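As structure tokens, the structure follows; a few thoughts come after it.
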Amino acid sequence: MKALTLLFILLVFLATGCYEPYDSRIHVRDEVKSDSIIDNVVTRPVAKAFSALIGEGIEVDEAILRRNEAGILELYINGHNRAYSTRRFRYRVEWLDADGLVLETKTSVWLQASAMGKSPFSLKAVAPRPEAVNFRMDTRKWE
Amino acid sequence: MRARTIQIITLVSILFTGCEEKTTNIDITHDDGKPVLALDYRDFDQAASTLVQSLLASGALKKEGGGRYVVATGRVVNDTMQRIDTDQLMAKIEEEMLNSGQAVMTSAVGSGTDKLIHETRELRDSEEFDQSTIAARGTLIAPELTVSGKIFQRNIRYDKKTQQVEYYFQLKLSDAKSGLRFWQKEIIVGKRGSNKSVAW
């Protein structure tokens with residue numbers, strides 16, 4: 001009987017592991033989607049506490065630069081929030097010319113951004129002048 | 001007795017010194033100061049930055065065949081409860097439009113008019129001035145595009161102790177000849193604070 005119970009639990013775990021979302025572009029949040037054996041009302045608080053304990057937060061996955069039709073450089077940042085809670089932060093993008101010097105502009109100010117828990121986020125920044133060839137970005141806590 | 005008096009004077013001096021509010025310079029680049037319910041320079045910086053980035057990304061300033069558009073600043077209405085000089089917003093936007101290399105601003109018409117441009121033309125009949133140094137008729141360039149906008153405020157009671165203040169920054173770019181609108185953008189700056197605070 002004990003072996004049978006263990007087998008059942010193993011099968012449920014395996015079945016959950018095989019689950020694939022209908023479409024990876026669609027994000028169905030906790031408490032909206034159906035609970036599973038590993039993600040439910042009992043396990044979720046433990047996972048959230050563990051996430052907070054190890055200090056999970058924002059991670060940047062990629063930074064894409066492209067020049068638009070007007071010859072202006074555009075920066076697209078894609079990332080995700082590993083934490084369960086919403087992360088609010090500020091970011092500032094500075095633009096560099098061909099010599100690596102910072103272009104003076106009124107657009108390089110601290111802007112607000114936020115990413116909901118366990119969700120992807122995107123940021124966009126536009127260079128002030130066509131001379132921009134590269135960028136550097138800084139972040140800080142949204143006080 | 002004398003020692004006691006000195007002790008009291010010292011104590012009072014220390015207490016008064018402790019009460020004094022120090023004046024400090026704001027670190028404009030990395031300001032960690034608390035947000036305020038009214039609009040401050042950080043809100044204008046953020047609004048201007050977002051508006052300019054949107055305008056440049058839209059390609060509305062890209063002139064077909066090259067060259068730069070001549071842009072005039074129209075009226076930017078302040079419909080908030082605060083005394084705002086809308087130039088605080090527009091000066092930043094105009095500066096960035098100029099620096100983008102895609103537009104030149106005109107001082108001949110619009111809210112950014114320089115009166116001297118017209119006053120110097122009134123000297124055409126004056127014998128005191130060398131007439132060859134005075135701008136000839138038909139030399140001013142008319143604007144091809146106009147920028148205008150509005151800043152308005154909504155105050156909402158959030159709960160018994162808190163109020164919500166919403167500021168809307170709206171800007172639009174129109175073609176002066178056809179009247180068609182090429183670009184527009186709205187930025188919302190929202191704040192919540194004590195009912196006791198005054199948002200103006």
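Before moving on, here are some points about what is shown:
- The Cα atoms of segment A:57-141 give a gyration tensor whose axes a ≥ b ≥ c have a/c of 1.5 or more with a/b greater than b/c, which makes the shape prolate.
- From the alpha carbon centroid of segment B:98-170 to that of segment B:32-64 is 18 Å.
- Among A:MET116, B:MET90, the ranking by other beta carbons within 10 Å of each residue's beta carbon, starting with the fewest, stands as A:MET116, B:MET90.
- A straight Cα-to-Cα reach below 24 Å connects B:LYS63 with the lysines A:LYS106, A:LYS124, B:LYS92, B:LYS172, B:LYS177, B:LYS185, residues fewer than 8 places away in its own chain not being considered.
- With Cα atoms, 0 to 90° folded angle of helix B:2-19 axis to chain B main axis: 30 degrees
- Taking Cα atoms only, the orientation of helix A:43-53 departs from the longest principal axis of chain A by about 40 degrees.
- Taking a ≥ b ≥ c as the square roots of the eigenvalues of the Cα gyration tensor, an a/c ratio of 1.5 or more together with a/b larger than b/c marks chain A as prolate.
- Loop-located GluC sites (Glu not before Pro) across segment A:44-94 with a Cβ neighbour count of 11 or fewer within 10 Å are A:GLU69, with loop assigned by DSSP.
- Straight-distance candidates among the aspartates and glutamates for linking to A:LYS118, with alpha-carbon spacing under 15 Å and chain neighbours fewer than 8 residues away dropped: A:ASP30, A:GLU31, A:ASP39, A:GLU56, A:GLU59, A:ASP61.
- Diagonalising the gyration tensor over the Cα atoms of segment B:124-200 and scaling each eigenvalue by 5 before taking the square root yields semi-axes of 48, 20, 7 Å, largest first.
- Legend: mean number of C-beta atoms from other chains within 10 angstrom of residue C-beta atoms, peptide A:106-114, equals 6.
- When +1 charges are put on Lys and Arg Cβ atoms and -1 charges on Asp and Glu Cβ atoms, the dipole computed for segment A:57-141 relative to its Cα centre reaches about 580 debye.
- Set of lysines near B:LYS161 by C-alpha distance (under 28 Å), chain-local residues within fewer than 8 positions excluded: A:LYS141, B:LYS34, B:LYS191, B:LYS196
- Cα-based shape type of the protein assembly as shown, given that a ≥ b ≥ c are square roots of the gyration tensor eigenvalues and the cut on a/c is 1.5: oblate
- Helix-derived mean residue ellipticity, 222 nm - over chain B, DSSP H n ≥ 4, -39500 (n - 2.57), to 500: -9000 deg cm²/dmol
Every number in this text was worked out from the coordinates using simple rules, so none of it is lab data. Please read all numbers here as calculations on a predicted model, not as lab measurements. Ideal geometry is used to build each Cβ from the backbone, glycine not excepted, and the neighbour counts take in all protein chains shown.
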